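The values are calculated or read from the model by the stated rules, or taken from the named source; none is laboratory data. Quick caveat, the model's predicted, so the values are computed rather than measured. Glycine gets a Cβ as well: all are built from the backbone with ideal geometry, and neighbour counts include every protein chain shown.
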Amino acid sequence: MINKIKNNSWKNTFSSLKDWRLLRIGLLGFSSGLPLLLVFGTLSFWLREAGIERSTIGFISWIALAYAIKVLWAPLVDQFHLPFLYNNLGRRRSWLFFTQVLIIIGLIGMAFTDPKEQLAQAIWLALLVSFSSATQDIAVDAYRIEIADKRLQGMMAGFYTTGYRLAMFVASAGALWIAAFFDINESTYEQKPWMMAYICMAIFMMIGVLTTLFSPEPEEEILESGKKINGQGELFIRLTKWFVKAIIKPFSDFFSRYGYLAILILCLIATYRVSDIVLGVMSNVFYKDIGFTKDEIALVSKGFGIYMTILGALLGGLAVYRFGVMKILLLGAILASGTNLLFSLLAYSGNDFWLLVLVVGADNLSAGIASAAFVTYLSALTNISFSATQYALFSSIMLLLPKLLGGFSGVAVDQFGYEWFFILSAIIGIPVFFLIIVAWHKCDVELPKKANSISF
């Protein structure tokens, strides 16, 4: 009887892969992941090739802050109904379609804008893409949660993440390869290669548009009063209630559980990724400045690098399971800072392809290990009653300070040079070591001990 149940269980598990909702959410994940690097890493490379100053590129990276603060306008996506589109597509799909169209418009606009001559226009268009993309993420997350029950959410998240990561590869390595294909002479700057790359990226966004148009709208939530959420009435009251529920209660719960140590934990969250994010703002600019071609960067940094990140994440997950969260969290922080010193070595050595392979491989492997440990740590901190909200808030805190500091990375390079910039990016990660050690001893979040270690 037991074997029959198990067989049925596995049979049902594999049968769920036939659910078309998984494919839909995977395609929407692709639509979510595509714009991010087109206004961050890939854009930085384009700007540097166009002769834009490093300091300016650093400040332009603040465009990506939209992803860190999107929680601020999330209630509007819930409560406000878009005229005309709502009646034809429904609450979730109307926002999906609207933001996807705006992203396409923004990418096409960027394609036909030469930042060398029209930098301000390029920035405004990138802002349009960034905020539209962040808003699309809100709508996709809501759609994913509402389209299926809790039983399927794990697989939905897996398909979403797969689509997201694939899109990031297309937007980085893919965009660079397209630009390289149309670039006759890399020693001189031309807009055409980048125009073709961004037009292709806009075409790829049609995957999300078509998925939205041919997907069903989830059933609208019913309030306790029995009325549908329709965005009508006292919007201010609704937003206030949302703020209390989404921000105040999760934070008050967190502080009630950890007391004064909550400040320590939040400082750790806010600074854990500062070393690699600050470096990341200038990484593509650095590769360009020391003479690597678009093909080389696409192959090593965006191709090989992604595989090493995945390997690092797998190793990190296994290490966390074997040795515990805090040990690997500390290891990840040390590796993240330490590998920044390898970039300093590359800056000293100059254009060395195999050293680039070594540096990128080590950096992405360490990033994968650190990410696996950090995601586990954040997950352990959340209260199951506020899991989604608290995790989202922690994620925003995690990105805000590093991205703000990253805006000054170009100024730092101009002031100190690449070698010392990378050394400084390693040094600013050192305080994180001590925060982890203190948190480890004061508020360990390790999993419960094994049963045989418990004394009665």
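Of the conditions (1) within 20 Å of the chain's Cα centre (by Cα); (2) crowded, with 21+ Cβ neighbours inside 10 Å; (3) at pLDDT below 90, V71 satisfies every one except a single condition; which number is it?
Exception for V71: condition (2).
Tell me, yes or no, whether segment 268-279 has at least one residue that is surrounded by fewer than 20 Cβ atoms within 10 Å (Cβ to Cβ) and either part of a helix (DSSP H, G or I) or of a type in the set (S, T, Y) (or both).
Kept after step one, since they are surrounded by fewer than 20 Cβ atoms within 10 Å (Cβ to Cβ), are these residues of segment 268-279: 270.
Restricting the remaining residues to those that are either part of a helix (DSSP H, G or I) or of a type in the set (S, T, Y) (or both) gives 270.
Scanning segment 268-279 turns up at least one residue that is surrounded by fewer than 20 Cβ atoms within 10 Å (Cβ to Cβ) and either part of a helix (DSSP H, G or I) or of a type in the set (S, T, Y) (or both).
Considering only segment 226-277, how many residues are among the hydrophobic types (A, V, I, L, M, F, W, C) and modelled with pLDDT under 75?
10
Does segment 170-193 hold any residues that are in a helix (DSSP H, G or I), in contact with a helix residue (DSSP H, G or I) (Cβ under 6 Å, 6 or more places away or on another chain) and closer than 14 Å to F45 by Cα, and which are they?
The answer is A171, S172, A173, A175, L176, W177, I178, A179, A180, P193.
Check every one of the helices (runs of 4 or more DSSP H) wholly within segment 288-374 and list those with 2 or more residues that are out of contact with any Pro (no Cβ under 9 Å at 6 or more places or on another chain), assigned by TED's automatic domain parsing to the domain that holds R273 and over 30 Å from I178 (Cβ atoms).
On the way: elements: 294-297, 305-323, 325-349.
Here the list reads 305-323, 325-349.
Looking only at segment 302-350, count every residue that is among the small types (G, A, S), over 15 Å from V360 (Cβ atoms) and within 22 Å of the chain's Cα centre (by Cα) and tell me the total.
Initially, segment 302-350 is screened for residues among the small types (G, A, S), giving 303, 305, 312-313, 316-317, 319, 324, 332-333, 336-338, 344, 347, 349-350.
Of the ones still in play, those that are also over 15 Å from V360 (Cβ atoms) are 313, 316-317, 319, 324, 332-333, 337, 350.
Next cut, within 22 Å of the chain's Cα centre (by Cα) only: 313, 316-317, 332-333, 337.
Within segment 302-350, residues that are among the small types (G, A, S), over 15 Å from V360 (Cβ atoms) and within 22 Å of the chain's Cα centre (by Cα) number 6.
Quick check: is even one residue across segment 345-353 out of contact with any helix residue (DSSP H, G or I) (no Cβ under 8 Å at 6 or more places or on another chain) and more than 19 Å from G41 (Cα to Cα)?
Yes, because at least one residue in segment 345-353 is out of contact with any helix residue (DSSP H, G or I) (no Cβ under 8 Å at 6 or more places or on another chain) and more than 19 Å from G41 (Cα to Cα).
Can you say whether S395 is farther than 28 Å from K442 by Cα and either small (G, A, S) or without any contact (Cβ under 8 Å) to a residue 24 or more places away in the chain (or both), as far as the supplied structure shows?
No, not satisfied.
For segment 84-93, state whether one or more residues are more than 24 Å from I145 (Cα to Cα), surrounded by fewer than 21 Cβ atoms within 10 Å (Cβ to Cβ) and in the same structural domain as S132 (by TED's automatic domain parsing). If you could, list the steps in order and put the result at the bottom.
First, pick out the residues of segment 84-93 that are more than 24 Å from I145 (Cα to Cα): 84.
Filter once more, keeping what is surrounded by fewer than 21 Cβ atoms within 10 Å (Cβ to Cβ): 84.
Restricting the remaining residues to those that are in the same structural domain as S132 (by TED's automatic domain parsing) gives 84.
Yes - at least one qualifying residue is present in segment 84-93.
Name the one entry in T56, T135, T113 that is free of Cβ contacts under 8 Å to residues at least 60 places away in the same chain and either under 16 Å from W194 (Cα atoms) or in the same structural domain as A171 (by TED's automatic domain parsing) (or both). Write out each step before concluding.
On the way: T56 fails: free of Cβ contacts under 8 Å to residues at least 60 places away in the same chain; T135 fails: free of Cβ contacts under 8 Å to residues at least 60 places away in the same chain.
None of the others qualify; the one that does is T113.
Can we say T135 is touching a Phe, Trp or Tyr at 6+ places or on another chain (Cβ under 8 Å), of a type in the set (V, I, T) and modelled with pLDDT of 80 or more?
yes
Looking only at segment 28-63, which residues are more than 20 Å from F112 (Cα to Cα) and either touching a strand residue (DSSP E or B) at 6+ places or on another chain (Cβ under 9 Å) or acidic (D, E) (or both)?
So the first thing to find is which residues in segment 28-63 are more than 20 Å from F112 (Cα to Cα), and the list is 28-33, 53-56, 58-59, 61-62.
Within segment 28-63, just E53 meets the criteria.
For a quick check of your reading of the model, give me the residue pairs whose first member lies in segment 192-212 and is closer than 16 Å to G174 by Cα, whose second is modelled with pLDDT of 95 or more and outside any helix (DSSP H, G or I), with beta-carbon atoms closer than 6 Å and at least 6 apart or on different chains.
Going by the 6 Å Cβ cut-off, there are no qualifying pairs.
On the given criteria, is I369 touching a Gly at 6+ places or on another chain (Cβ under 9 Å), of a type in the set (V, I, T), crowded, with 21+ Cβ neighbours inside 10 Å and over 28 Å from T42 (Cβ atoms)?
Spelling it out, it is not the case that I369 is touching a Gly at 6+ places or on another chain (Cβ under 9 Å), of a type in the set (V, I, T), crowded, with 21+ Cβ neighbours inside 10 Å and over 28 Å from T42 (Cβ atoms).
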